[in-house]
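> Structure in structure tokens, see below.
The values are calculated or read from the model by the stated rules, or taken from the named source; none is laboratory data. From a predicted model like this one, the values you see are computed outputs, not experimental measurements. Neighbour counts run over all protein chains shown; Cβ positions are idealised from the backbone, glycine included. For accessibility, only protein heavy atoms count, side chains too; no ligands or nucleic acids. Shrake-Rupley method; radii C 1.70, N 1.55, O 1.52, S 1.80 Å.
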Amino acid sequence: MEQKNIVATIYLKNGKAVRSLEDHTEIQNVYSLCQIYNDSGIDKIIIFDLSDDDDEHAKNVHTIKNINRNLEIKTCAGGNINRIDDVKKLLYAGCVQVIMNASKPASSSLIEEASNRFGKDRIVVSVSNVDYIFKNKNALRDMIHEMYLMSEDLIDAVENITSVPYVVRLSEYNYDNIFELLKRDNIRGISGPFINDTSRDIMKLKSSLASDGINMDNFSPDLKWEDLKKNSDGLIPVIVQDYKTDQVLMLAYMNEEAFNTTINIGKMTYWSRSRNELWTKGMTSGHLQYVKSLTADCDYDTILAKVSQVGAACHTGEKSCFHNTIVKKEYIEKNPLKVFEEVYNIIADRKSNPIEGSYTNYLFDKGIDNILKKVGEESTEIIIAAKNPDPEEIKYEISDFLYHCMVLMVEKGVTWEEITTELAQR
């Protein structure tokens, strides 16, 4: 049985998140909003570009690209799509799919063209009436991935015409109604303003639906509490790590209730030995820990949790509880990403705090054309070195090239995280 999706919607105006299609009041920062959706159990985000002209459209596409650089969940974007190039821009911006307005007179031929060029799995159509669905009912399944129904009132009419799956927008929250709708075969998911509300506990909703027999994409543990070995107090120690950086954030303990609560709500929950009570990390401070993975060690007596940490993990305000040095031996860092980040940070510091006689500052002072010249020269040196049977020379030249690339990255404000994210999406 196919999993059902909980779908958030974001409306973009001038590169910023606004309240709705009709209400263009700016809400919270669009990137922080996306991060909340990314961590809180949302399965997919549909982004509507509400631009009025090409300049604003370009600004919104740029925002969509930046959104996709920082998300693990899939996005679908649309709005102001007037030509095939607009579809291409959104796909190149990292969207898994493009949503096209079936109500626009010119959309029919454009949808078909986009489907033929990019594949039907990339195309979603928004439906506010059944005209397009009825006119294209015979070709629809071969042309689009799914439909986005703008109203629940359309469901019965659409299902009488086609079996193409759909996501439906609901105007208000009603659990019983959601449950009954998701039992339908053709429905792929739900959206609505109540889902966009960041105070809504999405993981709790998904857990309730799963308990009632709806196939949801939520945590289904391979190990149960009974499979783990508890200490003398009946607890399991939990080592908590940042899922992006692998930084160790804290150590805490779980009892059975904390373990099950963590899995059900997707937020790290512990048993406080000092207060003798259950506590979900960040419920008072806002410094929540969204679960990315839980793994037991070889003896089944310790859990490693990888989390998306909001704010600081430590009550002192430090990012990690482990910040008091006891001893430290200097060593050469050989982790590739850490080496890149350390060199990058040094180059960035030279730009902000110039040092007389620094070659890096010389490059920045000479400007972008000189930096580009050096990048070109170093790439040529790699080609020449590659013809030499001695591998030492090519290692030296690649290192030179990467250094000059990082100078260019700092000059243009591009980070290694952005580069690795871009590579991961290819």
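> Which one is nearest to L249 (Cα to Cα) among residues in segment 302-339 that are open to solvent by 50 Å² or more (accessible area, probe 1.4 Å) and of a type in the set (S, T, Y)?
Here the residue is T316.
Conditions (1) over 30 Å from T295 (Cα atoms); (2) of a type in the set (K, R), marked per residue:
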position	(1), (2)
K137	yes, yes
L154	yes, no
S211	no, no
L223	no, no
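> If you don't mind, there's one more thing I want to ask. Taking S285 as the residue in question, decide whether it is touching a residue at least 12 places away in the same chain (Cβ under 8 Å), surrounded by fewer than 18 Cβ atoms within 10 Å (Cβ to Cβ), outside any loop (DSSP other than H, G, I, E, B) and polar (S, T, N, Q).
Against the criterion (touching a residue at least 12 places away in the same chain (Cβ under 8 Å), surrounded by fewer than 18 Cβ atoms within 10 Å (Cβ to Cβ), outside any loop (DSSP other than H, G, I, E, B) and polar (S, T, N, Q)), S285 does not qualify.
> Further question: Consider S379 carefully, then state whether it is open to solvent by less than 50 Å² (accessible area, probe 1.4 Å), over 30 Å from K74 (Cα atoms) and in contact with a Phe, Trp or Tyr (Cβ under 7 Å, 6 or more places away or on another chain). Let's see the steps before the verdict.
Numbers: open to solvent by less than 50 Å² (accessible area, probe 1.4 Å): yes; over 30 Å from K74 (Cα atoms): yes; in contact with a Phe, Trp or Tyr (Cβ under 7 Å, 6 or more places away or on another chain): yes.
When the stated conditions are applied, S379 passes them.
> Kindly evaluate S171 against the criterion of being open to solvent by 60 Å² or more (accessible area, probe 1.4 Å), under 17 Å from E2 (Cβ atoms) and either assigned to a helix (DSSP H, G or I) or not acidic (D, E) (or both). Before the answer, list the steps.
Details: open to solvent by 60 Å² or more (accessible area, probe 1.4 Å): yes; under 17 Å from E2 (Cβ atoms): no; either assigned to a helix (DSSP H, G or I) or not acidic (D, E) (or both): yes.
No, not satisfied.
> Test of understanding: among I144, I111, which residue is open to solvent by less than 60 Å² (accessible area, probe 1.4 Å), closer than 21 Å to I46 by Cα, free of Cβ contacts under 8 Å to residues at least 40 places away in the same chain and in a loop (DSSP other than H, G, I, E, B)? Explain how you work it out, then say what you get.
On the way: I111 fails: in a loop (DSSP other than H, G, I, E, B).
The unique qualifying residue is I144.
> Checking the condition open to solvent by 80 Å² or more (accessible area, probe 1.4 Å) and out of contact with any strand residue (DSSP E or B) (no Cβ under 9 Å at 6 or more places or on another chain), which residue from D390, D365, D400 passes? Quick ask: steps written out before the conclusion?
On the way: D390 fails: open to solvent by 80 Å² or more (accessible area, probe 1.4 Å); D400 fails: open to solvent by 80 Å² or more (accessible area, probe 1.4 Å).
None of the others qualify; the one that does is D365.
> Here's another thing I want to ask about it. For a quick check of your reading of the model, give me the residue pairs whose first member lies in segment 194-218 and is over 18 Å from Y37 (Cβ atoms), whose second is in a helix (DSSP H, G or I) and of a type in the set (K, R), with beta-carbon atoms closer than 9 Å and at least 6 apart or on different chains.
Within 9 Å, the pairs are I214/K206.
> If you go through segment 12-36 one residue at a time, how many are part of a strand (DSSP E or B), in contact (Cβ under 8 Å) with a residue 24 or more places away in the chain and farther than 23 Å from E418 by Cβ?
Total meeting the criteria: 2.
> Answer yes if at least one residue in segment 64-72 is open to solvent by less than 20 Å² (accessible area, probe 1.4 Å) and out of contact with any Cys (no Cβ under 9 Å at 6 or more places or on another chain), and no otherwise.
No.
> Mind checking which residues of segment 37-82 are outside any helix (DSSP H, G or I), among the acidic types (D, E) and more than 17 Å from V167 (Cα to Cα)? Before the answer, list the steps.
Taking segment 37-82 as the starting set, the residues that turn out to be outside any helix (DSSP H, G or I) are 41-53, 70-82.
Applying the additional criterion that residues be among the acidic types (D, E) yields 43, 49, 52-53, 72.
Residues satisfying the conditions are D49, D52, D53, E72.
> Another question about this same structure. Starting from residues that are among the small types (G, A, S) and without any contact (Cβ under 8 Å) to a residue 24 or more places away in the chain, keep the ones in segment 340-362 and report whichever is least open to solvent (accessible area, probe 1.4 Å).
S358
> Any chance you could count how many residues in segment 179-217 are open to solvent by 20 Å² or more (accessible area, probe 1.4 Å) and assigned to a loop (DSSP other than H, G, I, E, B)?
Final tally of qualifying residues: 13.
> Could you please find all residues in segment 258-274 being assigned to a loop (DSSP other than H, G, I, E, B) and more than 25 Å from the chain's Cα centre (by Cα)?
Correct list: R273, S274.
> May I pose another question? State which residue is farthest from the chain's Cα centre (by Cα) when the search covers only segment 88-108 and only residues that are among the basic types (K, R) and in a helix (DSSP H, G or I).
At the first step, the residues of segment 88-108 found to be among the basic types (K, R) are 88-89, 104.
Okay, now just the ones that are also in a helix (DSSP H, G or I), so 88-89.
Working: K88: 21, K89: 19 Å.
If we take residues in segment 88-108 being among the basic types (K, R) and in a helix (DSSP H, G or I), then K88 is farthest from the chain's Cα centre (by Cα).
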